[in-house]
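Rule-based calculations on the coordinates, nothing more; no lab input. Given the structure is predicted, the values throughout are model-derived calculations rather than measurements. Because the Cβ atoms are built from the backbone with ideal geometry, glycine has one as well, and the counts that use them run over all protein chains shown.
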Amino acid sequence: MPTQKQTLDPSVYQLKVTLNGSKPPIWRRIQVTSDTRLDVLHQILQVVMGWENYHLHQFMAHGVMYGTPDPDFDLDVENEESVTLGQVISRAKEKLIYEYDFGDSWEHEILLEKILSPKAGENYPICVTGKRACPPEDCGGIWGYYDFLEAIGNSNHPEHEEMLEWVGEEFDPEAFDRNEINQMLKQIRSASQRFGHLPPRYAFVLNPYKDARFTKCPQCDRPTRLRKFALLVHVDDLGLIAQGKTCRFCPECEMLIVHQDELEAQLAENLSQLEPQAIGNDYLVTGTIERKIWRRGLNQPVPLDEMLEHAADFEAVLQVESQPAGWYRA
Ligand SMILES: [Zn+2]
């Protein structure tokens, strides 16, 4: 078990993440708070490196493995959801290994460069800098990656055409866009906060496609129903509000699907009475709230504490992707 080293105020860890075996190195410098749970750090690493989160992963530090315990596997892993970064490494120069995709075995060294005090007004995690593109998913590990680069860089290479076709688009090994990464990290920032006090439930899909109705569930293909939910929405510069919304619902998968354009129109209407300046602000649908509380809130404001007592965060937030034969979970 990790030793408990709790501090009241989380400090900020500056981490250098390097993809082992990469030459010249593929690396990122990031800042995260020491109270970041390892399951959230996994999401952060996926974003900053540029992986697509298709595969399994695990962390290792001081001889202990952290991941998602699987009853079918006899591996001795600590549950990453119950451990924070600060409990695993706590001194500058300490290291942690993050392995992604046990097939290709992408090993990342995570070095704690320094421990900082949080800067006022700064939101963590952030990507400070970095270099070079993430290898394409499933290219066969670090050696496979260099074979791939050689093939796409040399038009006489026997696999030149095949590899170009496989990667599907131009691939620039030097590409790195810090701003794009930081935009994506904003999503994790909000999603890693827990709001509701009830146990998480429902999978949630915000559907950006106006022409996709989802009369069938994108996960199990059974017909969906229409059902009204009270959603809990976090609006930037305003906070949490409850928003009644008719959703497509798959009872089998406990999945809610909401049309983004409809939701935004209804939010704007709701906000026009509460706080018109907040219309158009970034928002995040965090979960559901019991309908009786939402209904009461239509007549008189419900204190935030009470709202959260009756709210549940989503268990999962999913994306959908169009494929020739229909819609599938991305
Ligand atoms: Zn379903």
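Below is a table of values for the structure above.
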| item | result |
| --- | --- |
| Proximal lysines relative to residue 228, as straight alpha-carbon distance under 27 Å, when same-chain residues fewer than 8 apart are discounted | 210, 216, 245, 292 |
| Computed over the range 203-329: relative contact order in percent, which uses C-alpha pairs under 8 Å that are six or more apart | 31 |
| Percent of Cα pairs exceeding the 25 Å cut-off, where the set is the chain | 60 |
| Sequence ranges 112-124, 273-285, 54-66, ranked by mean other-Cβ count within 10 angstrom, highest first | 54-66, 273-285, 112-124 |
| For residue 128, residues with placed amide H under 5 Å, excluding near neighbours | 29, 30, 31 |
| Virtual spin-label span in nm between residue 79 and residue 269, 7 Å along Cα→Cβ | 4.2 |
| Rounded if a/c under 1.5, otherwise prolate or oblate - the range 167-241, Cα gyration tensor axes | oblate |
| Ranked by how many other beta carbons lie within 10 Å on average, peptides 38-48, 294-304 from highest | 38-48, 294-304 |
| Per-pair calculated FRET efficiency, R0 = 22 Å: residue 95 and residue 119 via Cβ, rounded to 0.05 | 0.35 |
| Prolate/oblate/rounded label for the range 203-329 (Cα gyration tensor, a/c 1.5) | prolate |
| Nonlocal Lys pairs with alpha-carbon distance under 22 Å, the range 1-159 (8 or more apart, or different chains) | 19 |
| Furthest towards positive pole of dipole, 294, 235, 220, structure part the range 203-329, Cβ charges | 220 |
| Using a Förster distance of 25 Å, the FRET efficiency for residue 279-residue 220 (Cβ separation, nearest 0.05) | 0.10 |
| Distance from the range 300-321 to the range 108-180 (C-alpha centre basis), Å | 35 |
| Most to least packed among 198-206, 173-181 [average Cβ atoms within 10 Å] | 198-206, 173-181 |
| Inter-label distance, nm, simple model (7 Å from Cα along the C-beta direction), residue 212/residue 261 | 1.5 |
| Cut-off 18 Å, label 7 Å out along Cα→Cβ of residue 252, residues of the range 195-230 by amide N | 202-205, 213-227 |
| Using a Förster distance of 30 Å, the FRET efficiency for residue 166-residue 316 (Cβ separation, nearest 0.05) | 0.50 |
| Long-range HN-HN contacts of residue 114 with modeled amide H, under 5 Å | 14 |
| Three-way shape label, the range 1-121, alpha-carbon gyration tensor, a/c 1.5 | oblate |
